[in-house]
Amino acid sequence: MKRLDDIVEFVSGSSQFRIKEVSDDKAPLYTYYGQSEIEDDLLGIDSNGRDSKKVRTFDRVNTLCQGDLVFSLISGESTIVSANHHGYLYTQNYVKLVTNEKVDSKYLVYLLNEDKFIKKQLQMGLQGSQVLKYTLKQVKELEFLELPKMEIQLITGELYFSQLRLEALKKRVSNLETAIVLEKLREASNK
């Protein structure tokens, strides 16, 4: 058995309540990384049209880069940050996991999101809790079996992300087809 803190370094997000917002146009403008961004990055699609919360501040804040692995302490989901969300500010509700050469980031996302043994550990940590939120300590102590060879990790991680994207695109096509049919039915019934 290995623990997650044996193979990754953890970088916590900025405390949202300590960020001093300013109205000075010279201050950098940051967009908050949230649950919808996690979902977009995981599915490989951009929902567009969403009005994400922004903040202007001179404070030093933690931001994400394309390719970072981020874990949500709210949902227990993880993903790889896309180019669309490069430079987004992440709060204490998220933690960046910095991998080493022994583990592929996409494989680790697959493991954290889909492994039954890890899911069970996360669920056990929530029992009796008033607020359903995972702790950094809980995530660091997640245990898992030995990692497969890097070649297997790379293939698994790629397949996982490709499958999620394919599923999301099929769902989008289905929703669009439904909208078209409903519109034609409305037009036909109004004649």
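Rule-based calculations on the coordinates, nothing more; no lab input. Every value quoted in this text rests on a predicted model; they were computed, and no experiment measured them. Note: ideal-geometry Cβ built from the backbone for every residue, glycine included; neighbour counts use all protein chains shown.
Across every pair of non-identical alpha carbons in the stretch 2-189, the mean reciprocal distance, once inverted, gives a Kirkwood radius of 18.4 Å. In a reduced charge model with +1 at each Lys and Arg Cβ and -1 at each Asp and Glu Cβ, the chain shows a dipole moment near 480 debye about its Cα centre. Paramagnetic label reach from ALA168 (point 7 Å along Cα→Cβ; backbone nitrogen cut-off under 12 Å): within the stretch 7-40, residues 36-40. Using θ = phi - 60° in the Karplus curve 6.51 cos²θ - 1.76 cosθ + 1.60, the 3J(HN,Hα) couplings for the stretch 145-158 round to 6, 3, 6, x, 4, 4, 4, 5, 4, 4, 5, 4, x, 5 Hz; x is entered for Gly and Pro.
Computed over the chain, the per-residue total of -39500 (n - 2.57) for DSSP H runs of n ≥ 4 gives a 222 nm mean residue ellipticity of -13000 deg cm²/dmol, rounded to 500.
Each part reduced to its alpha carbon centroid, the stretch 70-114 and the stretch 15-40 end up 18 Å apart. Positive end of the dipole of the stretch 33-127 (Cβ unit charges, origin at the Cα centre): among CYS65, GLY87, LEU122, the Cα lying farthest that way belongs to LEU122. Sorting THR135, THR79, THR31 from the fewest to the most surrounding beta carbons within 10 angstrom yields THR135, THR31, THR79.
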